[in-house]
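Values in this text are rule-based calculations from the coordinates and carry no lab data. Fair warning: this is a prediction, and the values are worked out from it, not measured in the lab. Using ideal geometry, Cβ is built from the backbone for each residue, glycine included, and neighbour counts are taken over all protein chains shown.
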Amino acid sequence: MNIILLGPPGAGKGTQAQRLVERHGMRQLSTGDMLRAAVKAGTPTGLEAKAVMERGELVSDALVSALIGDELDAMGEQTGAIFDGYPRTAAQAETLDGILNARGRKLDHVIELSVDEEALVERITGRFTCASCGKGYHDTFEQPKVPGTCDKCGGTEFKRRPDDNAETVRTRLAEYRAKTAPILPIYEARGIVSKVDGMSPMDEVTAAIETILKA
Ligand code: ADP
Ligand code: ADP
Ligand code: ZN
């Protein structure tokens, strides 16, 4: 199974992808995570992406598509893929078709997480993750059960993203509206888009996605 989670920054793509990984042993392919790892490691990709990401703009199509191809090659052929934050432009959507075809994979579902834009700034400015395992949390909506300790790995260090501030979120949203939302019709024409209410509580969003995957 190969699925795309599509939605603006803060819609809940990463949260839901992590849950699908745990439940179904699928693999999360987050270009944002891959780019942050490249920035941290100081690779040429990271050096190229850093300032663009800090501004909230999109990095080049060629760069992210190369990351996705490499990641797919590194995982088992039978392992399902959850594309989180990719594709983000029409060009990336077209490239993804080729990438999947070349590997004998096909897209099963595009799940659109729809959210009220007003909610996104609060979601994003309250977001933090475990520094060891990457599990996502939120100041208001999902605190660790034991304060200061990660539910999943017991880690005690957490981090926040430099681009998770109100000003950059505006740019990221504008990028989403201008470049990413327009790719939905490509997938709608293929009849593979399902819309999920991303404003519901996390467990309800997960249940709605599970229903789609079973259909
Ligand atoms: P969010 O899930 O909050 O939207 P991501 O972690 O997916 O954020 O992405 C963070 C940043 O990384 C983006 O603002 C952009 O600069 C870059 N990025 C991630 N994925 C892509 C992509 N597919 N194409 C271009 N840029 C990307
Ligand atoms: P994305 O990957 O789409 O940028 P995340 O999954 O990182 O979004 O979610 C952004 C923030 O909002 C996180 O701190 C997460 O804990 C929180 N969040 C995710 N889904 C929900 C939800 N359904 N209700 C409330 N908060 C949520
Ligand atoms: Zn952890």
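At-a-glance table
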item	result
Flag for Gly104 being of a type in the set (Gly, Ala, Ser) and touching a residue at least 60 places away in the same chain (Cβ under 8 Å)	no
Pairs where the first residue, in region 153-166, is in contact (Cβ under 8 Å) with a residue 60 or more places away in the chain and the second is in a loop (DSSP other than H, G, I, E, B), C-beta under 6 Å, 6+ apart	Asp163/Gly56
Test set (1) within 12 Å of ligand 1 (Cβ to nearest atom); (2) in a helix (DSSP H, G or I); (3) surrounded by fewer than 16 Cβ atoms within 10 Å (Cβ to Cβ) - Gly98 fails condition number	(1)
Positions within region 105-129 being more than 16 Å from ligand 1 (Cβ to nearest atom) and either among the hydroxyl-bearing types (Ser, Thr, Tyr) or not in a loop (DSSP other than H, G, I, E, B) (or both), in sequence order	His109, Glu118
Residue match in region 140-148 (condition: more than 12 Å from ligand 2 (Cβ to nearest atom), of a type in the set (Ser, Thr, Tyr) and either in contact with a helix residue (DSSP H, G or I) (Cβ under 7 Å, 6 or more places away or on another chain) or under 25 Å from Ile111 (Cβ atoms) (or both))	no
Arg88 being within 13 Å of ligand 2 (Cβ to nearest atom), surrounded by fewer than 18 Cβ atoms within 10 Å (Cβ to Cβ), assigned to a loop (DSSP other than H, G, I, E, B) and not small (Gly, Ala, Ser)	no
Positions within region 173-198 being of a type in the set (D, E, K, R), within 15 Å of Leu58 (Cβ to Cβ) and touching an Asp or Glu at 6+ places or on another chain (Cβ under 7 Å), in sequence order	Glu175
Some residue of region 32-45 being closer than 23 Å to Lys152 by Cα, in contact (Cβ under 8 Å) with a residue 40 or more places away in the chain and within 12 Å of the chain's Cα centre (by Cα)	yes
Unmet criterion (only one of (1) in contact with a Cys (Cβ under 9 Å, 6 or more places away or on another chain); (2) buried (at least 18 other Cβ atoms within 10 Å of the Cβ)) for Glu112	(1)
Tally of residues being surrounded by 17 or more Cβ atoms within 10 Å (Cβ to Cβ) and either touching a residue at least 40 places away in the same chain (Cβ under 8 Å) or more than 9 Å from ligand 2 (Cβ to nearest atom) (or both) across region 115-129	6
